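Written below as structure tokens is the structure these notes are about.
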Number of protein chains: 2
Amino acid sequence: MAPLSGPRPALKTDGYRERIDAALDRATQFDADCPARLREAIRYALLAPGKRLRPRLVLMACEACGGDVDAAMPAACAVEMVHAYSLVHDDLPAMDDDDLRRGRPTCHKAFDEATAILVGDALLARAFDVMAAELQPASVAAACCAILARAAGATALVGGQAADLEMAAAKPDDGSAGVSELKAIHRRKTGAIIRASLELGGCVAGSSAEELAALVGYGERVGLAFQIVDDLLDVAGDPAAVGKRLSKDADHNKLTFPRLLGREVSRQEAHKLTDEACAMIEIFGSRAAPLIELAKFVCTRHA
Amino acid sequence: MAPLSGPRPALKTDGYRERIDAALDRATQFDADCPARLREAIRYALLAPGKRLRPRLVLMACEACGGDVDAAMPAACAVEMVHAYSLVHDDLPAMDDDDLRRGRPTCHKAFDEATAILVGDALLARAFDVMAAELQPASVAAACCAILARAAGATALVGGQAADLEMAAAKPDDGSAGVSELKAIHRRKTGAIIRASLELGGCVAGSSAEELAALVGYGERVGLAFQIVDDLLDVAGDPAAVGKRLSKDADHNKLTFPRLLGREVSRQEAHKLTDEACAMIEIFGSRAAPLIELAKFVCTRHA
């Protein structure tokens, strides 16, 4: 795998991206009961350029288990909506206070703070609306709502963000927090939604227990590798490519992997996790190829 | 029905309240992955003294259709979680900027702004978690998730709040906005969740199309009456009884029913809507008694 300083990797055009973006566009048309400015802000936040990593994982997991990609599209849209909502709220002045996201002004900068709060709320509600109304059969719809709600909630995504803010406020430099605490935060803050993406795809495809365990194992490792690389990009990335303000972890006095382990060990850890993730999905044979390509992209990406 | 200046009405002890509060308490225990302070703030916002109007409506609608109240409890909890989340976010400095709610400091005052944003997010996610994981069968769980997600989203609750903020910013005194615009805002901001509460109860009970139409008609009228009385309390209520800052609509230059129609006509409108609501549920016979009592309470309440 290429080191972070090598040529910039790219996901090859796999056809997922265009289908995901078209589905997200359709899912956020709304009728006249949605005020025009709110609609514009929701679409600004959701349809911004992005890797669509999480919805890709939903579709790829579904395919790996022999499922129909189109059937999984509502779950793919939902997971991207939850991701976009979490970015909009995390960027708020009371939270991480960021001005730049995906290379553009953050939602509260482009619109205003009240609108950004409402955009996040609307995206979270729409995620469950799309899944509950469109996934078939009802047992899959209910199971997917349960998976995503748990991953978005107080013991996962929201809890991880709260713990992250608490740890930043507690000044990590006193040495009390270590790698295990940092992993525990990221397991919730980044990992839970990535893991849920895999579970959603498997759920739609009617995966076996063995297949689900493989997807979850892959998801846990790729989620952590993703966060380590994110931390590395924050200290060593190109702001134009990353599309957001860099060195902000240091500004916020946040605990990061490079800070605790050094850059080289962090890089080795990301590669090790990626290798493990790819090994876990060997049971899917050639149908695992897109998931393997994605894991390698996550580990070597520049943005 | 008693006028607003008469003796303070109260809902008789109906047994619903204690069961709802016990269920809300159980639903927000969380495991160790939820940071302690976040958990405390979630429970502060959700378990605050309140009328539990919306979960009562869920349970009463279920009973009116001959359903099992216990089966509807996850939906009752979910609707109260969505209501509590909307209050926490609406009270934020960037939104209505309120210090007092239900007689106590608002969530961002008692904790901090970042925590209040996360509390709202966590409550919204938990609402769908509870329903998707606990309602049976899966077809009911999926249908209830769809009903509540739609009512909470950009074309209903969130859209109404956005429209309300826009209208306040546009200075209603120029006379361009009228009763129909005001009703359209409240149909989304307050009405949609009240209407959804009735639909959820009916859905769990497996209501017929005729029963559902009666519940929806009742819900639309009670929802609007509730908002008119809320506006009246803001100009003429007792702050200690209402438990929140009063005259805030005038401070925020907000359009209200008393402002557009005068107090007396507003009061008459609330009574007319309540009478209509009660007439609509006559098809349920004696099983409609709790819903009729609740409608009368809404119309004559002081807080």
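The values are calculated or read from the model by the stated rules, or taken from the named source; none is laboratory data. Fair warning: this is a prediction, and the values are worked out from it, not measured in the lab. Ideal geometry is used to build each Cβ from the backbone, glycine not excepted, and the neighbour counts take in all protein chains shown.
Please report, ordered by residue number, the helices (runs of 4 or more DSSP H) entirely within segment B:10-124 with at least 1 residues that are among the polar types (S, T, N, Q).
B:69-90
Within segment A:164-176, is there a residue that is within 28 Å of A:Cys34 (Cα to Cα) and within 8 Å of chain B (Cβ to nearest Cβ)? Step through it out loud before you land on a result.
From segment A:164-176, those within 28 Å of A:Cys34 (Cα to Cα) are none; that's our starting set.
No; the residues of segment A:164-176 include none that is within 28 Å of A:Cys34 (Cα to Cα) and within 8 Å of chain B (Cβ to nearest Cβ).
Residues of segment A:293-302 being within 18 Å of A:Pro55 (Cβ to Cβ) and of a type outside the set (Gly, Ala, Ser), which ones?
Taking segment A:293-302 as the starting set, the residues that turn out to be within 18 Å of A:Pro55 (Cβ to Cβ) are A:293-295, A:297-298, A:301.
Matches in segment A:293-302: A:Glu293, A:Leu294, A:Phe297, A:Val298, A:Arg301.
Condition test on A:Ala76, is it closer than 24 Å to A:Gln227 by Cβ, within 14 Å of another protein chain (Cβ to nearest Cβ) and among the small types (Gly, Ala, Ser)?
In short, no.
Here is a list of conditions, (1) touching a Leu at 6+ places or on another chain (Cβ under 9 Å); (2) under 30 Å from A:Leu200 (Cα atoms), and B:Ala133 meets all of them except one; can you say which number that is?
All conditions pass for B:Ala133, except number (1).
I'd like the residue in segment A:238-270 that is within 28 Å of A:Leu198 (Cα to Cα) and more than 19 Å from the chain's Cα centre (by Cα) and, out of all such residues, is modelled with the lowest pLDDT.
A:Leu255
Only residues in segment B:119-130 that are farther than 15 Å from B:Ala48 by Cβ count as the first member; pair them with residues that are assigned to a helix (DSSP H, G or I) and among the β-branched types (Val, Ile, Thr), Cβ under 7 angstrom, at least 6 apart or cross-chain, and list the lot.
B:Asp121/A:Val158; B:Ala122/A:Val158; B:Ala122/B:Ile42; B:Leu124/B:Val82; B:Ala125/A:Val158; B:Ala127/B:Val82
Pick from B:Gly103, B:Gly160: which is more than 8 Å from chain A (Cβ to nearest Cβ) and touching an Asp or Glu at 6+ places or on another chain (Cβ under 9 Å)?
Numbers: B:Gly103 fails: touching an Asp or Glu at 6+ places or on another chain (Cβ under 9 Å).
Sole residue among the options that is more than 8 Å from chain A (Cβ to nearest Cβ) and touching an Asp or Glu at 6+ places or on another chain (Cβ under 9 Å): B:Gly160.
Considering each of A:Gly120, A:Gly201, A:Gly153 in turn, give the residue that is closer than 25 Å to A:Ile20 by Cα, surrounded by 23 or more Cβ atoms within 10 Å (Cβ to Cβ) and more than 12 Å from chain B (Cβ to nearest Cβ).
Of the residues listed, the single one that is closer than 25 Å to A:Ile20 by Cα, surrounded by 23 or more Cβ atoms within 10 Å (Cβ to Cβ) and more than 12 Å from chain B (Cβ to nearest Cβ) is A:Gly201.
Here are some residues: A:Pro93, A:Pro74, A:Pro137. Which one is under 18 Å from A:Leu198 (Cβ atoms) and out of contact with any Pro (no Cβ under 8 Å at 6 or more places or on another chain)? It would help to see each step written out before you state the result.
Details: A:Pro93 fails: under 18 Å from A:Leu198 (Cβ atoms); A:Pro137 fails: under 18 Å from A:Leu198 (Cβ atoms).
A:Pro74 is the lone residue from the list that is under 18 Å from A:Leu198 (Cβ atoms) and out of contact with any Pro (no Cβ under 8 Å at 6 or more places or on another chain).
Looking at this structure, is B:Ile228 buried (at least 24 other Cβ atoms within 10 Å of the Cβ), under 24 Å from B:Ala71 (Cα atoms), in contact (Cβ under 8 Å) with a residue 40 or more places away in the chain and of a type in the set (Val, Ile, Thr)?
Values: buried (at least 24 other Cβ atoms within 10 Å of the Cβ): yes; under 24 Å from B:Ala71 (Cα atoms): no; in contact (Cβ under 8 Å) with a residue 40 or more places away in the chain: yes; of a type in the set (Val, Ile, Thr): yes.
No.
If you go through segment A:137-157, how many residues are more than 12 Å from B:Val130 (Cα to Cα), within 20 Å of the chain's Cα centre (by Cα) and not in a helix (DSSP H, G or I)?
Of the residues in segment A:137-157, 3 are more than 12 Å from B:Val130 (Cα to Cα), within 20 Å of the chain's Cα centre (by Cα) and not in a helix (DSSP H, G or I).
Which of (1) crowded, with 19+ Cβ neighbours inside 10 Å; (2) at pLDDT 95 or above; (3) within 20 Å of the chain's Cα centre (by Cα) does B:Arg43 not meet, given it meets every other one?
Unmet condition: (1).
With more than 18 Å from the chain's Cα centre (by Cα), within 14 Å of chain A (Cβ to nearest Cβ) and surrounded by fewer than 21 Cβ atoms within 10 Å (Cβ to Cβ) as the only criterion, which of B:Arg26, B:Arg37 stands out?
B:Arg37
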